[in-house]
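Remarks on the structure that follows.
The values are calculated or read from the model by the stated rules, or taken from the named source; none is laboratory data. These numbers come from a predicted model, not from an experiment. Cβ atoms come from the backbone with ideal geometry, glycine included; neighbour counts cover every protein chain shown.
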Amino acid sequence: MDALITYQPDSIQTQNQSLKQGQQAQQAVLPRPQGVRQSYHPRYKDPILEGGYLLPRPAESIAYSEMPASDIVLPVHKKQNTETDWLVVVLFVAVSLFATIRYSYIKYIGHLFLSLVNYPTSVRMLQENNYPASHGAYRLDAVFYLTFSIFVFQSFNILNLAHSAKGITYFAFVLAGVLLYFLGKKLVYLTVGSLFETQAETGEYLFNVDNFNRALGLVLLPLVALVSFSPWNNPLMIVLAGLVIVIAFNLVLLQRGVIILLRKQFSIFYLFLYLCTLEILPLLLIYKVVVVE
């Protein structure tokens, strides 16, 4: 049993008795040298010598008191999404790709975000498309595909859509679906532009699509990291904020497409074919397959 030794001078009588016993112990054990004065401890009234040494105290004045046993309970925070620890590796790859172009292509990244709201900047970037810029753009494309796939994967799991699962196999299917959707849509655009002899307009629009996707990947990167390491049980608000950002990017992109086609004296029929058939209709089909069924 643990014990705590304390000094408890209960009364003046006890203190006086301790003092007398201490003096006797001093004379018996440690005689005071001649010429050395004796004083008393200011708190315990124990006799001490001039050099600051405390004289022996008899054992009868020592009291024992038991320490009460107390249970110490520390707060415990359960780790969320422990079955998706492999997402850390995917996030690390995306962040590493961004880090490789953070300082080398900082001017390109600034022009990239400026081109989202400034059409002349987008036109100048298209005309000045050189190898160093395209080399950084390819890595931003990889960041977008990884980040957007993670966001779709997290959204499906949090919103419980399409019998979602948290395994890496399910994420592989999501990544394959994202690649198939964007690359397939780009192939359809190029085919339609070749059929209707609008390769220049189609190429400019696809260039803007790539710019919007690259910027969207950088914006979604901190959001998906926050969802992965969030201390909340259900980070629904973060996912909803990401959905709002994705919708806003697509609306601005549609506006950019209208500007491109109207500047090229495009007919209303082609405008409806490009923007409604190739942009809105695939999204409606995906919503019907994934959410409704």
Looking at 262, 220, which is the one that is under 24 Å from residue 284 (Cβ atoms) and not β-branched (Val, Ile, Thr)? 220
Of these, 74, 161, 140, which one is modelled with pLDDT of 85 or more and either of a type outside the set (Val, Ile, Thr) or over 25 Å from residue 238 (Cα atoms) (or both)? 140
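Quick one: is residue 233 buried (at least 16 other Cβ atoms within 10 Å of the Cβ) and either of a type in the set (Lys, Arg) or at negative phi (or both)? Write out each step before concluding.
Numbers: buried (at least 16 other Cβ atoms within 10 Å of the Cβ): no; either of a type in the set (Lys, Arg) or at negative phi (or both): yes.
In short, no.
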I need every pair where a residue in segment 168-196 that is free of Cβ contacts under 8 Å to residues at least 12 places away in the same chain has its Cβ under 6 Å from the Cβ of a residue that is surrounded by 14 or more Cβ atoms within 10 Å (Cβ to Cβ), sequence separation at least 6 or different chains. 193/202
Pairs returned, first residue in segment 229-251 that is closer than 22 Å to residue 214 by Cβ and free of Cβ contacts under 8 Å to residues at least 40 places away in the same chain, second residue that is in a loop (DSSP other than H, G, I, E, B) and of a type in the set (S, T, N, Q), beta-carbon separation under 7 angstrom, 6 or more apart or interchain, are 238/230
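Yes/no per residue for (1) within 26 Å of residue 264 (Cα to Cα); (2) not basic (Lys, Arg):
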site: 159; (1), (2): no, yes
site: 166; (1), (2): no, no
site: 194; (1), (2): yes, yes
site: 197; (1), (2): yes, yes
site: 214; (1), (2): yes, no
site: 217; (1), (2): no, yes
site: 220; (1), (2): no, yes
Checklist (1) out of contact with any Pro (no Cβ under 9 Å at 6 or more places or on another chain); (2) in contact (Cβ under 8 Å) with a residue 40 or more places away in the chain applied to residue 154, failing item: (1)
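Does segment 142-158 contain at least one residue that is more than 23 Å from the chain's Cα centre (by Cα) and of a type outside the set (Val, Ile, Thr)?
No, because not a single residue in segment 142-158 is more than 23 Å from the chain's Cα centre (by Cα) and of a type outside the set (Val, Ile, Thr).
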Is segment 263-271 home to any residue that is surrounded by 15 or more Cβ atoms within 10 Å (Cβ to Cβ), outside any helix (DSSP H, G or I) and either modelled with pLDDT of 90 or more or not aliphatic (A, V, I, L, M) (or both)? yes
